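Enquirer: Supplied in structure tokens, the structure appears directly below.
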Amino acid sequence: MIYQGKSLSAKLLADGIVEFSFNAQGSVNKFDKATFDEYKEVIVAINNCSDAKGVLVTSAKSTYIVGADITEFLETFKQPEAALVPWVKNASDVFDAFEDIQLPTIAAINSVALGGGCEMTLACDYRIADTSVSIGFPEVKLGLMPGFGGTVRLPRIIGADNAVEWMSTGKAHRADSALAVGLLDAVVAPDKLYQAAIKILKQAIEGKLDWRAKRQPKLEALKLSPLESLMTFSTCKGMIAAKAGKHYPAPMVMVKTLEAAATLDRAGAMALENTGFAKLAKTDAASAQIGLFMADQVVKGKAKKATKQANKSINKAAVLGAGIMGGGIAYQSAYKGTPIIMKDINDGALNLGLSTAAGILTKQVERGRLNAKKMAIVLNAITPSLSYDNVKDVDIVIEAVVENPKIKGLVLAEVETVINDEAILTSNTSTISIDLLAQSLTRPQNFCGMHFFNPVNKMPLVEVIRGKDTSDETVAAVVAYAAKMGKSPIVVNDCPGFYVNRVLFPYFAGFSQLVLEGADFVAIDKVMEQQFGWPMGPALLLDVVGVDTADHCTGVMSAGFPTRMTKLDNDPVSTLYNDKRFGQKNGKGFYDHGKDKRGRPMKIASAAAYDLFAPHCADKQVFTSEEIIARLMIPMVNEVVRCLEEGVVDTAAEADMGLIYGIGFPPFRGGAIRYLETLGLDNFITMADNYAHLGEIYQVTDGLREMAKSAKSYFFTDVKTAK
Ligand SMILES: NC(=O)c1ccc[n+]([C@@H]2O[C@H](COP(=O)([O-])OP(=O)(O)OC[C@H]3O[C@@H](n4cnc5c(N)ncnc54)[C@H](O)[C@@H]3O)[C@@H](O)[C@H]2O)c1
């Protein structure tokens with residue numbers, strides 16, 4: 001052994017081969033501060049080993065290296081940009097020092113090499129991977145670009161256009177595509193990886209392979225003529241400008257860095273990478289996207305824990321109601337391997353539910369993502385039924401019948417007598433109190449809400465709603481089942497609107513009030529889409545959700561929070577509803593919905609809607625983008641804060657992920673709490689206080705004022721107990 005650290009080791013094997021092995025104490029290898037310190041020592045040890053003739057870089061884990069330790073990023077990135085440049089240079093210098101070892105080097109890549117892990121392999125002369133490899137640069141998904149030499153080495157290995165494609169999409173590639181672009185020199189079966197890597201290394205040691213010639217291009221300028229360079233980079237910039245847009249600066253900074261570095265040697269190019277990385281690390285988008293990654297880990301971690309704790313496993317399910325939601329739930333359960341009975345009282349609905357599932361599957365087959373055999377297996381796992389006969393032995397029932405408390409109560413009570421005592425009952429209600437529905441049951445401990453979002457196959461969120469009698473075992477089993485269905489479950493407490501709708505409706509209220517004051521709903525949609533970044537503005541979202549559904553929910557919220565969420569007089573949503581303009585579902589709402597010449601959906605602002613609003617609205621008024629954003633977002637943020645204070649949702653991480661997964665909150669803003677913290681608590685309070693006269697939804701809580709005063713972060717504070 002020529003070096004032994006906590007995560008890294010270097011051992012001299014036969015024939016002068018040094019095996020430099022990554023074996024971190026946790027489950028995966030990653031570059032954290034401690035690993036970097038050891039990495040420097042390994043390089044010294046190799047350089048001092050006079051018997052060393054070549055270096056083999058391996059992982060003792062089931063994966064290679066998953067990247068840099070992202071949990072260290074947010075704290076590190078608090079430093080000023082000027083301090084971050086030397087910080088990242090310090091790291092890229094280590095990779096350079098490894099690359100400069102005067103011996104041939106090879107990476108034997110098993111399974112996963114992402115980000116910094118992939119950069120480690122680029123610093124080697126040769127790269128061989130096993131067939132299961134997943135390799136790439138996900139940095140852009142964190143609002144960053146590679147910072148350990150990736151932007152310098154990758155284009156010099158696979159060409160500038162391929163490098164831009166790899167780094168700007170952040171996609172992980174499989175062995176065949178990495179081999180095709182020349183990132184990998186060879187791909188072998190996992191059990192052959194080690195010996196095959198040794199064989200290549202020996203050939204390099206023996207001079208049969210010219211490793212110096214292989215290394216040389218990585219140390220020089222890119223081999224592109226000025227014309228080729230102009231063509232390559234202008235095409236790339238055009239594509240990135242169109243795709244990424246202004247809210248996601250990372251891909252453009254990255255391609256401009258590559259362009260400026262094209263004529264420089266490694267040292268010059270690396271200096272540009274260092275400054276580009278530091279610049280991106282300081283953007284709001286990077287801190288939001290890194291925060292999002294960590295919040296997602298919290299949600300996934302909780303689901304994993306619940307799966308471990310769950311003492312009831314769900315092997316067979318039933319859904320009651322084969323409508324829009326029931327059909328989607330049946331598809332999703334069957335697709336992810338849990339057979340499901342789909343029960344309805346109406347034969348036509350069952351056929352519709354099945355054809356919805358078949359339609360989703362057919363599309364996947366057409367796109368080559370699924371074969372006909374798997375499609376048949378999924379469809380066979382859905383059993384349509386008009387009776388409860390097949391429901392008797394299921395482990396879980398998801399009730400998804402019409403949104404009517406009486407009918408739901410009856411259906412739940414009825415099915416409870418059919419299933420066995422341990423089976424779990426859930427409701428997909430979007431508005432009815434779980435505690436109210438539980439009153440119809442004799443085993444309320446086995447009951448909770450399981451709120452899916454439409455369309456079920458596409459929307460990642462499931463709110464698992466805990467009633468006052470729901471047992472921990474029930475919650476754990478339902479969370480585990482939702483995760484098994486490929487969803488991201490978030491546990492919330494019962495209250496009107498649960499979590500997502502509770503915070504969405506104050507936002508809609510802000511919108512309605514602005515329209516009544518004379519704002520144009522099209523202008524509001526434009527600002528909220530283009531400036532704030534929502535996938536659709538509030539008027540279009542109301543049309544998509546359904547004006548009837550929204551009007552009903554507004555009533556529920558107003559009954560639940562009578563002073564704060566009072567139904568507005570002449571609310572535009574109610575005005576449309578009273579005129580039977582239900583939105584996309586009947587082709588008319590705020591917009592008239594139709595199809596263009598090519599059959600694609602299209603919409604135009606409805607003249608009829610303007611006419612209906614006119615008698616109730618003030619004269620047309622133009623509001624600034626800042627005011628529109630403030631008037632809609634303050635009520636949402638305030639309500640999220642209230643949900644945290646009341647313990648409706650456990651953590652800021654889950655609160656943010658709920659909005660990202662449930663209603664498409666712009667990811668580059670990281671969620672409502674990340675948005676609040678990016679603005680700064682004091683700034684938000686000042687802004688909200690300006691509008692406090694408009695009503696309770698604009699008034700910040702004492703808890704928020706307290707947090708601001710003591711300079712606390714919602715991400716590091718248990719808000720419920722801190723109150
Ligand atoms: N549509 C959405 O966007 C959405 C989103 C989240 C939650 N939800 C909730 O999901 C539930 C279902 O909504 P949907 O949009 O699928 O409704 P839907 O009207 O499309 O379907 C309801 C189905 O229930 C069936 N049904 C009625 N009584 C029944 C009974 N006694 N036994 C079995 N089946 C019965 C009906 O025949 C119909 O097929 C509602 O509680 C709704 O609030 C809907």
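The values are calculated or read from the model by the stated rules, or taken from the named source; none is laboratory data. Here the structure is a predicted model, which is why all the values come from computation and not from measurement. Here the Cβ is made from the backbone with ideal geometry for all residues, glycine too, and neighbour counts use every protein chain on show. These area figures cover heavy atoms from the full protein model, side chains too; ligands, DNA and RNA do not enter into them. Shrake-Rupley method; radii C 1.70, N 1.55, O 1.52, S 1.80 Å.
Enquirer: Among the candidates Gly555, Gly583, which residue alone is surrounded by 20 or more Cβ atoms within 10 Å (Cβ to Cβ) and among the small types (Gly, Ala, Ser)?
Expert: Result: Gly583 is the single residue among Gly555, Gly583 that is surrounded by 20 or more Cβ atoms within 10 Å (Cβ to Cβ) and among the small types (Gly, Ala, Ser).
Enquirer: Can you pull out every residue in region 338-355 that is in a helix (DSSP H, G or I) and not small (Gly, Ala, Ser)?
Expert: Across region 338-355, the qualifying residues are Asp347, Leu350, Asn351, Leu352, Leu354.
Enquirer: Only one of these is within 23 Å of the chain's Cα centre (by Cα), under 28 Å from Lys336 (Cβ atoms) and at pLDDT 95 or above: Val503, Val464, Val545. Name it.
Expert: The match here is Val464.
Enquirer: When the residues of region 596-617 are filtered to those that are charged (D, E, K, R) and either more than 16 Å from Asp525 (Cβ to Cβ) or surrounded by fewer than 10 Cβ atoms within 10 Å (Cβ to Cβ) (or both), which remaining residue is nearest to the chain's Cα centre (by Cα)?
Expert: So the residue we want is Arg600.
Enquirer: OK, next. Exactly one of these conditions fails for Ala349: (1) within 16 Å of the ligand (Cβ to nearest atom); (2) surrounded by 23 or more Cβ atoms within 10 Å (Cβ to Cβ). Give me its number.
Expert: Of everything listed in (1) within 16 Å of the ligand (Cβ to nearest atom); (2) surrounded by 23 or more Cβ atoms within 10 Å (Cβ to Cβ), Ala349 misses just condition (2).
Enquirer: Out of Ser92, Ser21, report the one residue that is of a type in the set (Gly, Ala, Ser) and in a helix (DSSP H, G or I).
Expert: Ser92
Enquirer: In the list Lys53, Lys11, Lys40, which residue meets the criterion of being modelled with pLDDT of 95 or more, basic (Lys, Arg) and in contact with a Leu (Cβ under 7 Å, 6 or more places away or on another chain)?
Expert: Unique residue meeting the criteria: Lys53.
Enquirer: Within region 123-135, take every residue that is within 25 Å of Phe73 (Cα to Cα) and buried (at least 24 other Cβ atoms within 10 Å of the Cβ) and give me the one that is nearest to the chain's Cα centre (by Cα).
Expert: Ile135
Enquirer: Which one of the conditions (1) under 24 Å from Asn454 (Cα atoms); (2) in a loop (DSSP other than H, G, I, E, B); (3) away from the ligand (no atom under 14 Å from the Cβ) does Ala358 fail to meet, given that it meets all the rest?
Expert: Answer for Ala358: the failing condition is (2).
Enquirer: Restricting attention to region 379-405, which residues are within 16 Å of Asn315 (Cβ to Cβ) and more than 10 Å from the ligand (Cβ to nearest atom)?
Expert: Passing the criteria: Asn380, Ala381, Ile382, Thr383, Asn390, Val391, Lys392, Asp393, Val394, Asp395, Ile396, Val397.
Enquirer: Still on this structure, I have one more. Those residues that are free of Cβ contacts under 8 Å to residues at least 60 places away in the same chain and either farther than 24 Å from Phe668 by Cβ or crowded, with 19+ Cβ neighbours inside 10 Å (or both), I need them from region 253-266; list them, please.
Expert: If the condition is that a residue be free of Cβ contacts under 8 Å to residues at least 60 places away in the same chain and either farther than 24 Å from Phe668 by Cβ or crowded, with 19+ Cβ neighbours inside 10 Å (or both), then Glu259, Ala260, Thr263, Leu264, Asp265 are the ones that fit.
Enquirer: Now for a separate question. What are the pairs, 6+ residues apart or on separate chains, where a residue within region 315-337 that is over 16 Å from Val462 (Cα atoms) and in a loop (DSSP other than H, G, I, E, B) has its Cβ under 6 Å from a residue that is of a type in the set (A, V, I, L, M) and more than 7 Å from the ligand (Cβ to nearest atom)?
Expert: Lys316/Val394; Ala322/Met342; Ala322/Leu350
Enquirer: How many residues are within 16 Å of the ligand (Cβ to nearest atom) and not small (Gly, Ala, Ser) if we restrict to region 312-342?
Expert: Number satisfying all stated conditions: 10.
This table checks each residue for (1) closer than 20 Å to Met450 by Cα; (2) in contact with a Lys or Arg (Cβ under 7 Å, 6 or more places away or on another chain).
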| residue | (1), (2) |
| --- | --- |
| Arg631 | no, no |
| Ile634 | no, no |
| Glu639 | no, yes |
| Val649 | yes, no |
| Ala652 | no, no |
| Asp656 | yes, yes |
| Leu659 | yes, no |
| Phe668 | no, no |
| Arg674 | no, no |
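Enquirer: Kindly evaluate Thr442 against the criterion of being hydroxyl-bearing (Ser, Thr, Tyr) and either open to solvent by less than 60 Å² (accessible area, probe 1.4 Å) or under 14 Å from Thr474 (Cβ atoms) (or both).
Expert: no
Enquirer: Pick out, from region 622-723, the helices (runs of 4 or more DSSP H) lying fully within it that include 2 or more residues that are at negative phi and small (Gly, Ala, Ser).
Expert: Hits in region 622-723: 625-646, 652-663, 702-709.
Enquirer: Next question, about the same structure. Show the residue pairs that are 6+ apart or on different chains and have beta-carbon atoms under 7 Å apart, the first residue being within region 64-75 and touching a residue at least 60 places away in the same chain (Cβ under 8 Å), the second being of a type in the set (Ser, Thr, Tyr) and assigned to a helix (DSSP H, G or I).
Expert: Leu74/Ser287
Residue-by-condition table, conditions (1) out of contact with any Gly (no Cβ under 6 Å at 6 or more places or on another chain); (2) assigned to a helix (DSSP H, G or I); (3) away from the ligand (no atom under 14 Å from the Cβ):
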site: Gly409; (1), (2), (3): yes, yes, no
site: Glu414; (1), (2), (3): yes, yes, no
site: Asn420; (1), (2), (3): yes, no, yes
site: Thr429; (1), (2), (3): yes, no, no
site: Gly449; (1), (2), (3): yes, no, no
site: Glu473; (1), (2), (3): yes, yes, yes
site: Pro496; (1), (2), (3): no, no, no
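Enquirer: Something else: One residue is enough: does region 49-72 have a residue meeting the conditions open to solvent by 60 Å² or more (accessible area, probe 1.4 Å), over 25 Å from Leu144 (Cα atoms) and either of a type in the set (Lys, Arg) or part of a helix (DSSP H, G or I) (or both)?
Expert: Taking every residue of region 49-72 in turn, at least one turns out to be open to solvent by 60 Å² or more (accessible area, probe 1.4 Å), over 25 Å from Leu144 (Cα atoms) and either of a type in the set (Lys, Arg) or part of a helix (DSSP H, G or I) (or both).
Enquirer: I've got another one for you. Of the conditions (1) of a type in the set (A, V, I, L, M, F, W, C); (2) at pLDDT below 95; (3) surrounded by 23 or more Cβ atoms within 10 Å (Cβ to Cβ), Ala310 fails just one. Which one is it?
Expert: Checking Ala310 against (1) of a type in the set (A, V, I, L, M, F, W, C); (2) at pLDDT below 95; (3) surrounded by 23 or more Cβ atoms within 10 Å (Cβ to Cβ), the one that fails is (3).
Enquirer: Out of the residues in region 525-560 that are within 21 Å of Asp592 (Cα to Cα) and touching a Ser or Thr at 6+ places or on another chain (Cβ under 7 Å), which is farthest from the ligand (Cβ to nearest atom)?
Expert: Of everything passing the filter in region 525-560, Val527 is farthest from the ligand (Cβ to nearest atom).
Enquirer: Still on this structure, I have one more. Can you find even one residue in region 532-541 that is in contact with a strand residue (DSSP E or B) (Cβ under 6 Å, 6 or more places away or on another chain), assigned to a helix (DSSP H, G or I) and within 30 Å of Ala285 (Cβ to Cβ)?
Expert: no
Enquirer: Applying the selection to region 174-200, what residues are loosely packed, with under 15 Cβ neighbours inside 10 Å and polar (S, T, N, Q)?
Expert: Once the filter is applied, which keeps residues that are loosely packed, with under 15 Cβ neighbours inside 10 Å and polar (S, T, N, Q), region 174-200 yields only Gln195.
Enquirer: As an exercise: evaluate Lys78 against (1) open to solvent by less than 30 Å² (accessible area, probe 1.4 Å); (2) in a loop (DSSP other than H, G, I, E, B); (3) of a type in the set (Lys, Arg) and give the number of the one condition it does not meet.
Expert: (1)
Enquirer: I'd like to know if region 362-376 contains one or more residues that are within 16 Å of the ligand (Cβ to nearest atom), touching a residue at least 12 places away in the same chain (Cβ under 8 Å) and closer than 27 Å to Ser488 by Cα.
Expert: Checked region 362-376: no residue is within 16 Å of the ligand (Cβ to nearest atom), touching a residue at least 12 places away in the same chain (Cβ under 8 Å) and closer than 27 Å to Ser488 by Cα.
Enquirer: Quick one: which strands (runs of 3 or more DSSP E) sit completely within region 128-210 and have at least 3 residues that are of a type in the set (Asp, Glu)?
Expert: none
Enquirer: Name the single residue that is surrounded by the most Cβ atoms within 10 Å (Cβ to Cβ) among those in region 451-464 being within 8 Å of the ligand (Cβ to nearest atom) and assigned to a loop (DSSP other than H, G, I, E, B).
Expert: If we take residues in region 451-464 being within 8 Å of the ligand (Cβ to nearest atom) and assigned to a loop (DSSP other than H, G, I, E, B), then Phe453 is surrounded by the most Cβ atoms within 10 Å (Cβ to Cβ).
Enquirer: Out of the residues in region 71-130 meeting the condition of being modelled with pLDDT under 95 and charged (D, E, K, R), tell me which one is farthest from Arg674 (Cα to Cα).
Expert: Glu72
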